[in-house]
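**Student:** Dumping the structure here so I can ask a few things about it.
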Amino acid sequence: MKKLINTSSINENSFEKDFCLLLRDNLKVKISYDTFLNMQNFYKNHKASETTEKFFNIINKFPKLDHTGLGGSITDNDITASVKAICDNFAEINLIFSEVIPRKQGLLIVTDTAGSWHTIFPDLGVFVQK
């Protein structure tokens, strides 16, 4: 199971892009407890294509924080990469949400601009907002 790390807030929604020298930029999706519950319910009751579109629309509305410096920006491709990582790894994310997280804590999902997951890079994956 993925290790859990502390983050700055226990329950918020946001989308962040962080610059990484010599690697792809990191994408951090903070999802509040209530928002993830809604996503979980939608995932259970809809087709994959509907889920991908719905998750994109949800995450696209989150406050965005761009830490890439001059010339950088958050694009639809960044959100798409995060949504793909979430959908492709939803079983693992859901397991952590359902069994590990104390009630009312949100998630932090970290991927990169290619949608990589922790099986490739250990700093990527799903974590608890604390």
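The values are calculated or read from the model by the stated rules, or taken from the named source; none is laboratory data. Quick caveat, the model's predicted, so the values are computed rather than measured. Reconstructed Cβ throughout: ideal geometry from the backbone, glycine too, with neighbour counts over all protein chains shown.
**Student:** State whether the residues of region 101-112 include one that is part of a helix (DSSP H, G or I) and under 17 Å from Ser14 (Cβ atoms).
**Tutor:** no
**Student:** On to the next question. Only residues in region 78-89 that are crowded, with 23+ Cβ neighbours inside 10 Å count as the first member; pair them with residues that are part of a helix (DSSP H, G or I), Cβ under 8 angstrom, at least 6 apart or cross-chain, and list the lot.
**Tutor:** Ser82/Ile59; Val83/Thr52; Val83/Phe55; Val83/Phe56; Val83/Ile59; Ile86/Phe55; Ile86/Ile93
**Student:** OK, next. Can you confirm whether Phe62 is assigned to a helix (DSSP H, G or I), in contact with a helix residue (DSSP H, G or I) (Cβ under 9 Å, 6 or more places away or on another chain) and hydrophobic (A, V, I, L, M, F, W, C)? Step through it out loud before you land on a result.
**Tutor:** Working: assigned to a helix (DSSP H, G or I): no; in contact with a helix residue (DSSP H, G or I) (Cβ under 9 Å, 6 or more places away or on another chain): yes; hydrophobic (A, V, I, L, M, F, W, C): yes.
No: the conditions fail for Phe62.
**Student:** Has region 16-26 got any residue that is part of a helix (DSSP H, G or I), touching a residue at least 40 places away in the same chain (Cβ under 8 Å) and surrounded by fewer than 16 Cβ atoms within 10 Å (Cβ to Cβ)?
**Tutor:** Taking every residue of region 16-26 in turn, none turns out to be part of a helix (DSSP H, G or I), touching a residue at least 40 places away in the same chain (Cβ under 8 Å) and surrounded by fewer than 16 Cβ atoms within 10 Å (Cβ to Cβ).
**Student:** Ok, one more. Phe42 - would you say it is aromatic (Phe, Trp, Tyr), surrounded by fewer than 16 Cβ atoms within 10 Å (Cβ to Cβ), within 19 Å of Glu92 (Cβ to Cβ) and at pLDDT 90 or above?
**Tutor:** Here the answer is yes, as Phe42 does meet what is asked.
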